[in-house]
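Take a look at the structure set out below.
The values are calculated or read from the model by the stated rules, or taken from the named source; none is laboratory data. Here the structure is a predicted model, which is why all the values come from computation and not from measurement. FYI the Cβ positions are ideal-geometry reconstructions off the backbone, even for glycines, and counts take in every protein chain you see.
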Amino acid sequence: MNESAKDVTIVGGGFAGLAAALRLLRAGLKLRIVEKRAFFGGRAYSFKDTKTGETVDNGQHLLMGCYHETLEFLRELGTLDRLEIEDRLAVSFAEGPRGRFDLRCPRLPAPFHLAWGLLKYRGLGWRDKKGMAALMRFSKRAAGNGKDLDEISVSELFRRTGQSEAAIRKFWEPFGLATLNESLDLASADLFVEVLRRALLSKKSDSDIALAKVGLSELYATPAQNLFQEKGVVIDFNTQIESIAREAAGFRLATNTGKSWHSDRVILAVPPNALGKILEASGGEFAGLVPGLERFASAPIVSINLWFENFRPPRRMTGLVDSPVHWLFDKSRIHRGESSKHLTLVVSAAHALAMESKENLIGLAVAELGRFFPELEGQRPIHSQIVKEQQATFSARRGLARFRPDERTRIPGLYLAGDWTNTRLPATIESAVLSGHKAAGAILKPAP
């Protein structure tokens, strides 16, 4: 352990900050966590709907078996049993009222499980699947070519590998939008290939799908808060770091509440826009700490929660093909103990729809559900809840990889974490947790 790191301040109480805090707590360091809101959770949290009393996530998050760092974090936190992990890849897609197809992969070693699942998948033809196989072979060979692939878009990658229009619309686009949260005309091919390689082309267990049986806050944020309070970690809620200054062998942090304190080490586990404000206010060498920080834009996600009197979709998770609404989740099959007809419809890369009114979004969702499920014709939801996360993720655009910073900065003792840092992953929970673990590791094992 780094003996000079007597205490650490972690700024940000999302997955990245909490993962770093848990690692450092286990190592015996003195911690302080600063969170601008009154609760932990960052951009992945849940709340109680006031009318129904049910748990609503600020966005439906899906985990996979390849989320090794996340699963380890939940294991260390003691909440891994709050996930339901399927032991085989199974995804449903709907193409209008009659076209419903299930991709089911058998318990075979990877990538044979996926190859067999696609072979039996009725939603695509033989020529479509042949092109998909070519893309997967390319992805297996592409390790180490990230720099070149980051300069082209996912759509360009599809053209170069001969993907059919049907394969793109019915499979790759739902998969890509869900994992990258950006238009495939803009998104980095390198990030897409990395996700494909990790999730579908590695170990069979890496493609397992995991969903939280409880709200996101109950999965990790509240248990982490309880643990840290029990262990004597200082937590400053409703507090923002306004500036940082060098002081002796560490730093002095100033807050919007008027508090300030010395810390030997600091982890800034905040999004790019929040980091930019802190660094600019700190001035001097802090102002230019992350070159290219202004290049990081945001991509929104819209979640439309609807309750119907008497409707339940045939699957708990369904991809909607050729629809402005991308995924449908049956929350009564996901959150255990809730028996209502709560549906969540997710729109990724929702740059346009995030600007629409609540009424327009509800109308769109109801119309799309009626198109895919005729039994809903004429029915109106008995309740609705719209969640717009305008800055849900960083925009995973091509050409951004070289600007993603490492966990160590050029200022000794100051570290970065967050899903947008140099993890080689898009803005996923796994990327956030990995970044937190990397920042904690840098403190515990200093560079030579």
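Please find, among ARG75, ARG43, the residue that is surrounded by 18 or more Cβ atoms within 10 Å (Cβ to Cβ) and among the charged types (D, E, K, R).
Being surrounded by 18 or more Cβ atoms within 10 Å (Cβ to Cβ) and among the charged types (D, E, K, R) holds for just one of ARG75, ARG43, which is ARG43.
Which ranges mark the strands (runs of 3 or more DSSP E) fully within region 171-280 that have 1 or more residues being of a type in the set (A, V, I, L, M)?
209-212, 234-236, 241-247, 250-255, 265-268
Table: residues versus (1) under 22 Å from SER202 (Cβ atoms); (2) touching a Ser or Thr at 6+ places or on another chain (Cβ under 8 Å); (3) surrounded by fewer than 20 Cβ atoms within 10 Å (Cβ to Cβ); (4) assigned by TED's automatic domain parsing to the domain that holds THR318.
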| position | (1), (2), (3), (4) |
| --- | --- |
| ALA142 | yes, no, yes, no |
| ASP148 | yes, no, yes, no |
| GLU151 | no, no, yes, no |
| PHE158 | yes, no, no, no |
| THR161 | yes, no, yes, no |
| SER164 | no, no, yes, no |
| ARG169 | no, no, yes, no |
| PRO174 | yes, no, no, no |
| LEU186 | no, yes, yes, no |
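With the condition being under 15 Å from GLY413 (Cα atoms) and of a type in the set (A, V, I, L, M, F, W, C), I'd like the strands (runs of 3 or more DSSP E) fully within region 4-51 carrying at least 3 qualifying residues.
Ranges flagged: 7-11.
Return the pairs, sorted by first residue and then second, in which the second residue is among the β-branched types (Val, Ile, Thr), the first residue lies in region 373-384 and is over 20 Å from GLY96 (Cα atoms), the beta carbons are less than 6 Å apart, and the residues are 6+ apart or on different chains.
Here the result reads SER384/ILE362, each pair linking region 373-384 to a residue that is among the β-branched types (Val, Ile, Thr).
Cβ-Cβ below 6 Å, separation at least six or inter-chain, first residue in region 146-161 and farther than 23 Å from THR423 by Cα, second at pLDDT 95 or above: which pairs?
PHE158/ILE168
Among GLU285, GLU338, GLU309, which is under 16 Å from ASP49 (Cα atoms), surrounded by fewer than 22 Cβ atoms within 10 Å (Cβ to Cβ) and at pLDDT below 95?
Answer to the selection: GLU338.
When LEU62 is evaluated against the numbered criteria (1) among the hydrophobic types (A, V, I, L, M, F, W, C); (2) under 19 Å from the mean Cα position of the chain (by Cα); (3) at pLDDT 95 or above, which criterion, by number, is the only one it fails?
Only one criterion in (1) among the hydrophobic types (A, V, I, L, M, F, W, C); (2) under 19 Å from the mean Cα position of the chain (by Cα); (3) at pLDDT 95 or above is unmet by LEU62, namely (3).
When only residues in region 200-223 that are among the small types (Gly, Ala, Ser) and surrounded by fewer than 21 Cβ atoms within 10 Å (Cβ to Cβ) count, which is nearest to HIS335 (Cα to Cα)?
The qualifying residue nearest to HIS335 (Cα to Cα) is ALA210.
Cβ-Cβ distance below 7 Å, separation of 6 or more or different chains: which pairs start in region 245-256 with a residue that is in the same structural domain as ALA281 (by TED's automatic domain parsing) and end on one that is assigned to a strand (DSSP E or B) and of a type in the set (Ser, Thr, Tyr)?
Going by the 7 Å Cβ cut-off, the qualifying pairs are GLY250/SER263; PHE251/SER263; ARG252/SER260; LEU253/THR9; LEU253/SER260; LEU253/SER263; ALA254/SER243; ALA254/SER260.
Yes or no: LEU83 surrounded by 13 or more Cβ atoms within 10 Å (Cβ to Cβ) and either over 26 Å from LEU345 (Cα atoms) or within 26 Å of the chain's Cα centre (by Cα) (or both)?
Here the answer is yes, as LEU83 does meet what is asked.
Quickly run through region 129-155 and pick out the residues that are modelled with pLDDT of 95 or more and within 26 Å of VAL325 (Cβ to Cβ).
Within region 129-155, SER153, VAL154, SER155 meet the criteria.
When you scan region 361-403, how many residues do you find that are surrounded by 21 or more Cβ atoms within 10 Å (Cβ to Cβ) and of a type in the set (A, V, I, L, M)?
Selection size over region 361-403: 5.
Looking at (1) without any contact (Cβ under 8 Å) to a residue 60 or more places away in the chain; (2) more than 28 Å from SER202 (Cα to Cα), find the lone condition where PRO97 falls short.
(1)
Against the condition surrounded by fewer than 19 Cβ atoms within 10 Å (Cβ to Cβ) and of a type in the set (D, E, K, R), how does GLU407 come out, does it pass?
no
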